[in-house]
């Protein structure tokens, strides 16, 4: 790739490449047609309106049944690094779950309609050469990313045992929204927010999610820190400040307890 973001329309009747791997990320939207999408040897039937993502470590190919039309979005780590820090959680959510999905990214029916309209606009923009056209296209792609991340967050349970009842989803949403503010994630504070006792909150969360609320908070914070190290140029001190750690020593103790290495060692690897 010559740029950090490339978007193009493709109409093909056969996929000549098998078990492809790229050094960039790729979103593929199916405008029309059907067939089978194979990612890491998992076969997924696709149809118009579906959206898929592959990361650099994935092998993938398309088996097409006749002529198919696609919108293809390819982006590099540079695009991820430039993604606004206040919105990086959307992209983090998408990339973290990318290899674990068993179908299209967009499951919600109303969001499928929004995606179709977005892709129609994107297709119109691809071949136009107007002022700020690339900036407009970038913003439209950002909207697609947020839409996909929202579907993953709210339409896929964190594990097979988790219920989708509103209360647990609201608690998880609260945790994700306030993950950078440790003071707001104390058990007593969360329990008070949702009008339940601290004891009940702990038992309820573990029953619904299969793990303690403290473990969930730690794992989610850890994933975000990992992605800051992988996809941003932030210094360790900046990451520590972002997530409410006292200093670099504090965040390194937390990170090493779970990963066995310091943040600098993780990034170097």
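The values are calculated or read from the model by the stated rules, or taken from the named source; none is laboratory data. None of the values given here were measured: they were computed from a predicted structure. Please note: Cβ atoms are built from the backbone with ideal geometry, for glycine as well, and neighbour counts cover all protein chains shown.
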Practice problem: Please tell me if residue 131 is over 16 Å from residue 72 (Cβ atoms), part of a loop (DSSP other than H, G, I, E, B) and at pLDDT 80 or above. | Solution: yes
Quiz item: Inside region 1-58, can you point out the residues that are modelled with pLDDT under 75, over 24 Å from residue 136 (Cα atoms) and over 20 Å from the mean Cα position of the chain (by Cα)?
Solution: 15, 16, 17, 18, 19, 20
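Modelled with pLDDT under 90 and touching a helix residue (DSSP H, G or I) at 6+ places or on another chain (Cβ under 7 Å): which single residue out of 71, 114, 80 fits that description? So that I can check it myself, show each step before the final result.
Working: 71 fails: modelled with pLDDT under 90; 114 fails: modelled with pLDDT under 90.
Sole residue among the options that is modelled with pLDDT under 90 and touching a helix residue (DSSP H, G or I) at 6+ places or on another chain (Cβ under 7 Å): 80.
Pick from region 229-244 the residues that are closer than 29 Å to residue 191 by Cα and touching a residue at least 40 places away in the same chain (Cβ under 8 Å): which of them is surrounded by the most Cβ atoms within 10 Å (Cβ to Cβ)? Step through it out loud before you land on a result.
First pass over region 229-244, keeping only residues closer than 29 Å to residue 191 by Cα: 239-244.
Narrowing further to those that are touching a residue at least 40 places away in the same chain (Cβ under 8 Å): 242-244.
On the way: 242: 17, 243: 19, 244: 17.
Residue satisfying both the conditions and the ranking: 243.
Looking only at region 159-166, decide whether some residue is surrounded by 12 or more Cβ atoms within 10 Å (Cβ to Cβ) and either out of contact with any helix residue (DSSP H, G or I) (no Cβ under 6 Å at 6 or more places or on another chain) or modelled with pLDDT of 95 or more (or both).
No, region 159-166 contains no residue that is surrounded by 12 or more Cβ atoms within 10 Å (Cβ to Cβ) and either out of contact with any helix residue (DSSP H, G or I) (no Cβ under 6 Å at 6 or more places or on another chain) or modelled with pLDDT of 95 or more (or both).
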Quiz prompt | Test: residue in region 136-149 that is modelled with pLDDT under 80, surrounded by 17 or more Cβ atoms within 10 Å (Cβ to Cβ) and touching a helix residue (DSSP H, G or I) at 6+ places or on another chain (Cβ under 9 Å) | solution = yes
